[in-house]
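See below for the structure under consideration.
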Amino acid sequence: MRAEKTINPKFKKQLLLLKNCAKSELDIEISVHKMFSDKHYCLTVLSELEGVGSDILNDLVTVLKHTPVYIQSTTRNIEITSKLKTTEKKSSLVVLLISFILIALIAFFVSWQNGYLNISAVNAKATQPFSEQSATIMKPLTLPSMQRTVKLRLHGSNTVGEELAPALLEAYLRSLSVTQMQWLQGDVAVERELQYIQHGKVHAIQLYAHGSSTGFQSLLNGSADSAMSSRQIKVSEIEALRATKGDLSRSGQEYIVGLDGVAVIVNKNNPIADITSEQLAQVFSGEIDNWQQLGGQNLAINLYARDKNSGTWDTFNNLLLNVHNKQLSEQSLRFESSSELSNNVSQDIAAIGFIGLPYVNNNKALAISETPESMVIYPTRFSVSTEDYLLSRRLYMYTPSSGNQMAQQFSRFVISDEGQRIVEKVGLVSQNIKLEDASVIKNAPQNYNDYAQIASRLSVNFRFTSGKNELDNKGKRDIQRLVDYLTKHRGKRVVLMGFSDSLGDPKMKTSLSLVRAKKLEKTLNRYGLNVTAVEGFGAQLPIASNKSSIGRSKNRRVEVWVF
């Protein structure tokens, strides 16, 4: 009897269900052939789908993980007597042939030893062309090279592309055992190319960082494989790309790279330390044009702003100016480079500008409050991580699931633990969970402040789409991060606190905030994690303005506390 492997029909059936479900829910194509033939691909796909937060996908993945891919079957070996006899005859002939060859070789060796044969000249002539050919083949590759193949094209945000993307790309290539790589500067400051040697060939990665909007334009015209953005993709961009790239708003194609705060910076010698959001809007619209109006020196205010293609500008405009119905003053100086803007503010005592958190450099970041009565919040790593800071934002990569395979692999690397450690090193805020002591807040509900005296808060908030109990794309991936954290800290008790925006009936909002917190509790229970308490505070303690859609999305949250 002989054992043979055959595909398990049960595994194949479940795999086809998973393929159809991934296509309908996430617009992701799964290769059935590679799921059977490539173990690494199979494990990667199952791991990714398990982290998107879909109950149906989680159930299918669980079944597949516990179902063998192959099953054993047996076949009977039929003995054929005539074949054995033929084999015996052939064996005798083989023995005779081997004996003849051995005798010939011995005779040849004896003749050569006694000088009857001279083969050195023949060998010299035969090996000479081979040596020249080998020298040509073994010529080492060098960088830079004109003979390179572009394997990946990243276009878009300068905030992502100036420092973060280069560091992530280098770390990604090192994870592939690439040791030789070199950056080349293009004709424009924000255009670069990373050349590297892999498998005996020179490859290249194109990095163009002209601004978030240009990334989506490049996806549309086919000149980029992935778009970097410091803002979420717009509805108009989703629709323009839908026909060729699918729905880029889905979690399988939208990747949150990390978090950043748009810091409002002034010269370090400026005495102003904090400002309200309304005052800030008046400054950048030109209504307040002298520092003396804010309690500072008698100096005309010089406005520095990012260019119109920048996601930093788009975030600042949406979270601040649009909320207060203001427009940026025409007297503002616009900059394409984050570093250049920051450097100019450091040399101008009358300047004020807005910039990504890593580019504060030798300047002072102002604390911002929503109103004169509300809490003043500085742009710290924790306040940005929880997205409590007024001008906190997410950084994105949009990678079509049916496009460039290297782009998809790189995107998955970016959101991995290793990728997030690179985000932290560059100076941005990673999505890895941290712990910070809470503090009592004026006018907060009593039970909220009671917990603040005994508990600490985790650096992750879970947010929901408007009017629904569905987690947003970041929340779907943060579930796994939270599970990993709580699994490592089994002794901690968990409290979930739900909040909502202020649109609608207050009682309904309180109920909705509690329902969302309980949904998160149910998810944690599925992983064997218990929750001590669940609270719903409705529209209380807003951390952003309810006048804008982005502000309302920040207020629809569930905070996680432990003690």
Selection from region 356-366 of residues farther than 20 Å from I288 by Cβ and of a type in the set (A, V, I, L, M) yields L357, V360
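The rows are residues; the columns are (1) out of contact with any Asp or Glu (no Cβ under 8 Å at 6 or more places or on another chain); (2) buried (at least 20 other Cβ atoms within 10 Å of the Cβ).
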site	(1), (2)
S511	yes, no
K519	yes, no
R526	yes, no
G538	yes, yes
S545	no, yes
S548	yes, no
Note on A124: of the conditions (1) at pLDDT 95 or above; (2) farther than 30 Å from L357 by Cβ; (3) open to solvent by less than 60 Å² (accessible area, probe 1.4 Å), unmet is (1)
By residue number, the members of region 507-549 that are closer than 24 Å to T371 by Cβ and among the aromatic types (F, W, Y) are F537
query = Residue check: is K488 without any contact (Cβ under 8 Å) to a residue 12 or more places away in the chain and under 27 Å from the mean Cα position of the chain (by Cα)?
reply = yes
- Task: Go through the residues of region 477-490 one by one and say whether even a single one is part of a helix (DSSP H, G or I) and among the hydroxyl-bearing types (S, T, Y).
- Result: yes
Here the qualifying pairs (Cβ atoms under 9 Å; residues six or more apart or on different chains; first in region 167-186 and on the phi > 0 side of the Ramachandran plot; second surrounded by 13 or more Cβ atoms within 10 Å (Cβ to Cβ) and not in a helix (DSSP H, G or I)) come out as S177/Q198
Flagged in region 136-173 as open to solvent by 40 Å² or more (accessible area, probe 1.4 Å) and either in contact with an Asp or Glu (Cβ under 6 Å, 6 or more places away or on another chain) or assigned to a helix (DSSP H, G or I) (or both), in numbering order, are T136, I137, R153, E162, E163, E170
Subset of region 424-454, residues part of a loop (DSSP other than H, G, I, E, B), out of contact with any Asp or Glu (no Cβ under 9 Å at 6 or more places or on another chain) and touching a residue at least 60 places away in the same chain (Cβ under 8 Å), comes to A438, I441, A444
Expected output for region 333-356 (first residue touching a residue at least 60 places away in the same chain (Cβ under 8 Å), partner β-branched (V, I, T) and open to solvent by 30 Å² or more (accessible area, probe 1.4 Å), Cβ below 6 Å, 6+ apart or cross-chain) is none
Condition set aliphatic (A, V, I, L, M) and surrounded by 21 or more Cβ atoms within 10 Å (Cβ to Cβ), scope region 257-274, selection farthest from the chain's Cα centre (by Cα): answer is V266
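Okay, residues lined up against (1) over 27 Å from the mean Cα position of the chain (by Cα); (2) buried (at least 17 other Cβ atoms within 10 Å of the Cβ):
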{"residue": "E340", "(1), (2)": "no, no"}
{"residue": "N343", "(1), (2)": "yes, no"}
{"residue": "A351", "(1), (2)": "yes, yes"}
{"residue": "G356", "(1), (2)": "no, yes"}
{"residue": "P372", "(1), (2)": "yes, no"}
{"residue": "V384", "(1), (2)": "no, yes"}
{"residue": "E387", "(1), (2)": "no, yes"}
Given (1) surrounded by fewer than 18 Cβ atoms within 10 Å (Cβ to Cβ); (2) more than 26 Å from the chain's Cα centre (by Cα); (3) within 28 Å of Q420 (Cβ to Cβ); (4) in contact (Cβ under 8 Å) with a residue 40 or more places away in the chain, S502 misses just (3)
Of those in region 312-330 that are free of Cβ contacts under 8 Å to residues at least 60 places away in the same chain and closer than 25 Å to L164 by Cα, the residue surrounded by the fewest Cβ atoms within 10 Å (Cβ to Cβ) is N317
Those residues of region 396-423 which are modelled with pLDDT of 95 or more, open to solvent by 10 Å² or more (accessible area, probe 1.4 Å), in a helix (DSSP H, G or I) and more than 23 Å from G222 (Cβ to Cβ) amount to F413, E418, R421, I422
Note on region 1-45: residues open to solvent by less than 40 Å² (accessible area, probe 1.4 Å), at pLDDT 80 or above, in a helix (DSSP H, G or I) and of a type in the set (A, V, I, L, M) are L15, L18, V32, M35
Some residue of region 465-484 being of a type in the set (S, T, N, Q), within 21 Å of the chain's Cα centre (by Cα) and within 15 Å of E387 (Cβ to Cβ) = yes
When restricted to V426, V384, the only residue closer than 30 Å to S223 by Cα and of a type in the set (A, V, I, L, M, F, W, C) is V426
Exactly one of L333, L241, L294, L303 is farther than 22 Å from V384 by Cα and open to solvent by 50 Å² or more (accessible area, probe 1.4 Å), and that one is L333
Residue check for R552: touching a residue at least 12 places away in the same chain (Cβ under 8 Å), open to solvent by 40 Å² or more (accessible area, probe 1.4 Å) and of a type in the set (D, E, K, R) | yes
Picking from E387, E370, the residue that is among the acidic types (D, E), out of contact with any Cys (no Cβ under 9 Å at 6 or more places or on another chain), touching a residue at least 40 places away in the same chain (Cβ under 8 Å) and farther than 20 Å from L164 by Cβ would be E370
G286 meets each of (1) within 12 Å of Y398 (Cβ to Cβ); (2) out of contact with any helix residue (DSSP H, G or I) (no Cβ under 9 Å at 6 or more places or on another chain) with one exception, condition (1)
Of the residues in region 213-255, those that are among the charged types (D, E, K, R) and either closer than 24 Å to V45 by Cα or part of a helix (DSSP H, G or I) (or both) come to D225, E237, E239, R242, K245, D247, R250, E254
Reported set for region 303-331 where residues are hydroxyl-bearing (S, T, Y) and within 19 Å of T159 (Cα to Cα) is Y304, S310, T312, T315
When region 436-491 is checked residue by residue, the ones that are polar (S, T, N, Q), within 25 Å of K547 (Cα to Cα) and crowded, with 18+ Cβ neighbours inside 10 Å are N461, N473
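The values are calculated or read from the model by the stated rules, or taken from the named source; none is laboratory data. Everything quoted here is computed from the prediction, not taken from an experiment. With ideal geometry, Cβ positions are generated from the backbone for all residues, glycine too; neighbour counts draw on all protein chains shown. Surface areas here come from the heavy atoms of the whole protein model, side chains and all, with no ligands, DNA or RNA. Shrake-Rupley method; radii C 1.70, N 1.55, O 1.52, S 1.80 Å.
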